[in-house]
Amino acid sequence: MDSKIQWGTGGAGGAYFLTEPGELVIDLQKRDRNVHDRRTDLRALLIAPDRKVIQEVTLPDTGPGDGDGPLQHTRLSTYVNRKGIYKLNITISNDRYGEEIVWAFRTNCRLYLIETSRGHRDARHQEPIVLLAPEHPGDVCFLPPEGAFAVEIEDLPDSVKALTVFDASGSLVDTLAVRGGRVTHTFPADVHRSTPWRLHLPAQQAVIHVDGVTRWSDDDPHVNMSYWTPQLDSFFPLHACRWLLTPYNRNVYVRRGASGAIDLQVRNSSNSPQTVRLTPEIEGAATVPVRLSADTVHLGAMERARVSARYSMPDSAGKDDVLTCRVTATSETYPGISTYSTLTLRTGTSPVSRPIRLPLVLKPYEHENAQFGFVPDCPVESQIYFDLDNRPFVRTEKGIGALRNGRWTESDFRSSVDGFDNATFESASTKIAFDARNLLYIVENVNDQPNLLYSRDQGHTFFACAIPGRDDCPRTFDIEWFTGHNSCDGPPPVLRYARTAEDARLFWRKVNDLELFLPEMTSRGLSLGEPILVSDQCIGLSQHSGIPASVVSREGKVHVIWAEATDPDEDVPGVPTYVATIDRETRTMGAPALVGYGPPANDIHNSPSITMDSQGYLHALSGTHGCPFPYARSLGSNTADAGWTEPREAWPDARQTYIGFVCDPEDTLHSAFRLWWNGTSHFPAGNYATLAHQQCPTGGAWHEPRVLVVPPFSEYSVFYHRLTIDRKGRLFLSYDYFSTYWFYRNDHPQSRRSLMMSPDRGNTWKLLETADLVGS
């Protein structure tokens with residue numbers, strides 16, 4: 001540990017350390033490059049194998065200056081009680097791509113790998129290795145992909161004329177000629193693969209791109225995993241053993257004398273078979289009240305297996321006892337690889353049954369389960385909808401989940417859709433609709449063909465009605481769903497967004513034909529009829545977050561809201577947003593009413609949303625991308641043709657995006673959205689995005705937004721949130737936190753989606769339990 005650190009890298013991400021029992025020491029250094037005038041605090045987290053945060057340190061920005069700032073140092077350390085894979089997590093405020101800093105470390109751990117993982121971009125994922133220590137020669141050691149692969153290396157110093165590549169035995173693989181500070185080379189498939197390979201650089205100044213290492217095709221075995229190390233002898237086969245045992249931890253509340261099971265997943269991430277041995281150990285107990293359904297798991301290439309950890313809480317347990325069980329996973333195929341997960345059993349009452357103290361502050365690696373013992377007992381793959389009898393339904397991985405007689409059941413589309421046994425089903429929209437006869441509807445791609453599925457028996461079985469046409473262009477679909485006071489007299493209206501143009505100059509400018517289908521139920525089944533063209537300049541629909549409502553109807557009147565693309569040379573304050581009313585019987589459409597502009601212009605993020613109140617008045621929010629939502633209300637009941645109020649901001653200076661919008665029985669409007677902040681107590685050095693709720697009482701003004709969820713990291717976030725409402729006016733908010741940082745997202749192979757509800761129209765919120773729905 002006395003040697004000087006002789007390498008340095010840009011980017012964000014972190015490292016993995018395969019530790020042995022004893023002290024683990026990591027000396028970390030950082031230097032500000034001062035490329036731009038930004039506050040770049042480096043945040044470093046030392047993480048245990050079970051994702052417990054052991055230590056957090058910050059290397060602050062050293063202030064404005066020209067050129068490189070002074071070198072800063074800090075030490076992270078812990079005592080390792082049992083072998084496992086520890087992590088170092090690196091993020092930088094106001095610099096999610098790591099362009100403003102140089103960082104490096106040294107460690108007493110013999111085996112480690114770096115994972116370069118920056119923040120996301122709206123482009124193909126690439127993680128070039130950026131070396132920034134030109135005063136030292138050095139190496140980049142990596143696992144070469146199978147088959148032929150290409151390498152490009154840029155920004156080499158003029159003094160460097162050639163680079164060399166060696167295999168694991170030290171044999172020369174090739175010498176790469178440098179021309180104009182660049183290398184372009186393709187290694188053929190028949191080059192020997194004694195791994196890892198070592199790329200040697202006479203000076204560590206370079207930007208390195210390697211197929212299968214820093215950029216990937218869909219069929220690469222280690223997509224999005226940029227592993228490398230500056231030392232050949234530190235390399236270990238993390239590629240094959242990534243996510244060996246998950247979840248990394250699980251927190252469960254158990255009654256004394258009760259029993260249950262926790263599902264664990266054992267994963268083989270290699271292209272060859274692997275055997276994994278599992279061993280449970282209770283901390284400080286001679287007997288182990290945890291039994292595994294298997295203690296040895298044999299896995300084929302890229303295979304996963306479920307193992308149940310069955311537990312029983314002793315009758316003799318105290319009122320607030322805690323039993324900690326560590327399940328160790330050891331690879332018998334890759335000797336020396338071992339890590340563990342921690343299962344924590346607690347007596348007492350779970351906090352899940354109580355309202356959350358808002359905001360819910362997600363901490364790094366400590367989300368709802370770690371903080372509250374939240375283990376969903378209902379489907380959480382998507383948002384929840386309610387039929388006319390207030391029974392809940394959810395689009396699940398295989399079909400439709402429904403609560404029946406107090407327990408959740410699932411209808412698998414592959415066996416429940418008439419005439420389509422074993423077909424391929426892919427969700428075209430997770431929205432579920434119900435008509436006046438309580439028939440259930442959902443849009444699905446069946447064998448790549450869009451279909452409107454419908455069920456006459458509450459989701460047990462389904463029939464399919466194809467939605468033909470526009471196969472020559474990308475299509476998005478929407479369907480009317482219950483937002484509080486709308487009611488489908490017949491089958492729900494369906495909207496099709498058919499993309500007709502894109503703009504190479506403006507990435508987010510899309511042009512779509514917006515078409516409306518008004519299905520009818522006939523004696524022969526469902527008939528879609530011909531579509532009505534609503535607009536040929538629609539910007540499109542962004543529904544991964546917010547799931548905005550694009551259509552509501554009542555008493556034969558259908559009201560559609562949309563936003564339009566405009567001429568890029570035209571000076572407009574935002575995306576123009578329109579509402580039009582269509583008579584269902586005559587199929588005639590009134591003149592579109594302009595209800596607001598959602599800034600900025602030509603941005604598909606800016607999808608608007610519409611709802612209606614008990615009196616039939618329409619309420620519209622124009623979509624924005626980081627600006628206040630403009631709000632307007634119709635002057636006439638159940639029509640867009642009688643004029644609208646002047647649009648006004650839902651809240652001044654609010655940086656809002658992604659509308660969720662419903663109206664409760666008291667005609668209070670509710671919106672859920674992403675809300676940006678900058679430099680507050682949560683993240684003083686940077687900006688961050690939260691999940692927020694806002695309400696507007698009937699006849700009143702919008703209240704100040706209330707933050708519901710704070711992210712664990714600064715910089716970009718999105719929550720993939722979906723706001724729905726049941727027939728009693730209770731609010732339900734499904735969300736799945738997305739960090740911009742690939743390093744954090746890569747760590748968790750399963751979905752983190754959670755579901756909270758408000759039983760009192762937004763005043764309090766709690767995590768959802770099935771007990772909240774039984775008898776609803």
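Structure values in brief
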read-out: Complete set of residues in the range 394-425 that are open to solvent by 90 Å² or more (accessible area, probe 1.4 Å) and basic (Lys, Arg); value: LYS398, ARG407, ARG414
read-out: Leading residue by the ranking (nearest to the chain's Cα centre (by Cα)) among those in the range 210-235 that are aliphatic (A, V, I, L, M) and open to solvent by less than 40 Å² (accessible area, probe 1.4 Å); value: MET225
read-out: Of all residues making up the range 32-67, the number that are buried (at least 18 other Cβ atoms within 10 Å of the Cβ) and either among the hydrophobic types (A, V, I, L, M, F, W, C) or in contact with a His (Cβ under 8 Å, 6 or more places away or on another chain) (or both); value: 7
read-out: Test: residue in the range 364-383 that is hydroxyl-bearing (Ser, Thr, Tyr), open to solvent by 10 Å² or more (accessible area, probe 1.4 Å) and out of contact with any Cys (no Cβ under 8 Å at 6 or more places or on another chain); value: yes
read-out: SER634 being on the phi < 0 side of the Ramachandran plot, touching a Gly at 6+ places or on another chain (Cβ under 7 Å) and open to solvent by less than 10 Å² (accessible area, probe 1.4 Å); value: no
read-out: Test: residue in the range 248-257 that is part of a strand (DSSP E or B), without any contact (Cβ under 8 Å) to a residue 60 or more places away in the chain and more than 30 Å from ILE5 (Cβ to Cβ); value: no
read-out: Boolean, ALA672 is in contact with a Ser or Thr (Cβ under 9 Å, 6 or more places away or on another chain) and either buried (at least 20 other Cβ atoms within 10 Å of the Cβ) or among the aliphatic types (A, V, I, L, M) (or both); value: no
read-out: Residues of the range 665-686 satisfying the condition of being closer than 27 Å to LEU621 by Cα and among the small types (Gly, Ala, Ser); value: SER671, ALA672
read-out: Selection status of GLU530, over 22 Å from TYR617 (Cβ atoms), without any contact (Cβ under 8 Å) to a residue 40 or more places away in the chain and surrounded by 21 or more Cβ atoms within 10 Å (Cβ to Cβ); value: no
read-out: ARG587 being more than 18 Å from VAL511 (Cα to Cα), assigned to a strand (DSSP E or B), of a type outside the set (A, V, I, L, M, F, W, C) and open to solvent by 10 Å² or more (accessible area, probe 1.4 Å); value: no
read-out: Counted residues, the range 675-692 - those being open to solvent by 30 Å² or more (accessible area, probe 1.4 Å) and closer than 19 Å to ASP760 by Cβ; value: 0
read-out: Those strands (runs of 3 or more DSSP E) lying entirely in the range 1-113 with at least 3 residues among the polar types (S, T, N, Q); value: 71-80
read-out: Cross-chain or 6+ apart pairs with Cβ under 6 Å, the range 125-142 first and touching a residue at least 24 places away in the same chain (Cβ under 8 Å) and closer than 11 Å to LEU201 by Cβ, then aromatic (Phe, Trp, Tyr) and open to solvent by 10 Å² or more (accessible area, probe 1.4 Å); value: ALA133/TRP7; GLY138/TRP7
read-out: Lone qualifier among ASP747, ASP726, ASP736 - being over 18 Å from LYS431 (Cα atoms) and among the acidic types (Asp, Glu); value: ASP747
read-out: Selection status of GLY484, surrounded by 17 or more Cβ atoms within 10 Å (Cβ to Cβ), part of a loop (DSSP other than H, G, I, E, B) and in contact (Cβ under 8 Å) with a residue 40 or more places away in the chain; value: yes
read-out: Members of the range 549-574 found to be surrounded by fewer than 18 Cβ atoms within 10 Å (Cβ to Cβ) and in a strand (DSSP E or B), listed by number; value: ARG554
read-out: Hits in the range 236-246 - residues which are assigned to a loop (DSSP other than H, G, I, E, B), in contact with a Ser or Thr (Cβ under 8 Å, 6 or more places away or on another chain) and surrounded by 20 or more Cβ atoms within 10 Å (Cβ to Cβ); value: PRO237, ARG242, LEU244
read-out: Any chance THR186 is in contact with a Pro (Cβ under 9 Å, 6 or more places away or on another chain) and either in a strand (DSSP E or B) or open to solvent by 40 Å² or more (accessible area, probe 1.4 Å) (or both); value: no
read-out: Any hit, the range 305-312, residues being of a type in the set (Phe, Trp, Tyr), at pLDDT 95 or above and either assigned to a loop (DSSP other than H, G, I, E, B) or closer than 22 Å to ARG256 by Cα (or both); value: no
read-out: Test: residue in the range 3-13 that is buried (at least 16 other Cβ atoms within 10 Å of the Cβ), at pLDDT 95 or above and in contact with a Cys (Cβ under 6 Å, 6 or more places away or on another chain); value: no
read-out: Scan of the range 600-653 for residues that are in a loop (DSSP other than H, G, I, E, B), under 25 Å from the mean Cα position of the chain (by Cα) and without any contact (Cβ under 8 Å) to a residue 60 or more places away in the chain, ordered by number; value: PRO600, SER622, THR624, PRO628, PHE629
read-out: Residue check, LEU541 open to solvent by less than 10 Å² (accessible area, probe 1.4 Å) and either part of a strand (DSSP E or B) or in contact (Cβ under 8 Å) with a residue 60 or more places away in the chain (or both); value: no
read-out: Any hit, the range 758-767, residues being over 12 Å from the mean Cα position of the chain (by Cα), in a strand (DSSP E or B) and closer than 24 Å to ASN438 by Cα; value: no
read-out: Filtered residue count, the range 695-728, keeping only those that are in contact with a Lys or Arg (Cβ under 7 Å, 6 or more places away or on another chain) and either assigned to a loop (DSSP other than H, G, I, E, B) or surrounded by 22 or more Cβ atoms within 10 Å (Cβ to Cβ) (or both); value: 4
read-out: Selection count where residues are open to solvent by 10 Å² or more (accessible area, probe 1.4 Å) and either under 21 Å from GLN205 (Cβ atoms) or touching a strand residue (DSSP E or B) at 6+ places or on another chain (Cβ under 7 Å) (or both), scope the range 95-111; value: 9
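Conditions (1) open to solvent by 50 Å² or more (accessible area, probe 1.4 Å); (2) at pLDDT 95 or above; (3) in contact with a Phe, Trp or Tyr (Cβ under 8 Å, 6 or more places away or on another chain), marked per residue:
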{"position": "PRO576", "(1), (2), (3)": "no, yes, yes"}
{"position": "THR581", "(1), (2), (3)": "no, yes, no"}
{"position": "PRO592", "(1), (2), (3)": "yes, yes, yes"}
{"position": "GLY598", "(1), (2), (3)": "no, yes, yes"}
{"position": "ASN606", "(1), (2), (3)": "no, yes, no"}
{"position": "GLN615", "(1), (2), (3)": "yes, yes, no"}
{"position": "LEU621", "(1), (2), (3)": "no, yes, yes"}
{"position": "ALA640", "(1), (2), (3)": "no, yes, no"}
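The values are calculated or read from the model by the stated rules, or taken from the named source; none is laboratory data. It should be emphasised that the depicted structure is a prediction, and the values quoted were computed from it without experimental measurement. Here Cβ is always computed from backbone atoms with ideal geometry, including for glycine, and neighbour counts include all displayed protein chains. In case anyone asks, the SASA skips ligands and DNA or RNA and just uses the protein heavy atoms, side chains included. Shrake-Rupley method; radii C 1.70, N 1.55, O 1.52, S 1.80 Å.
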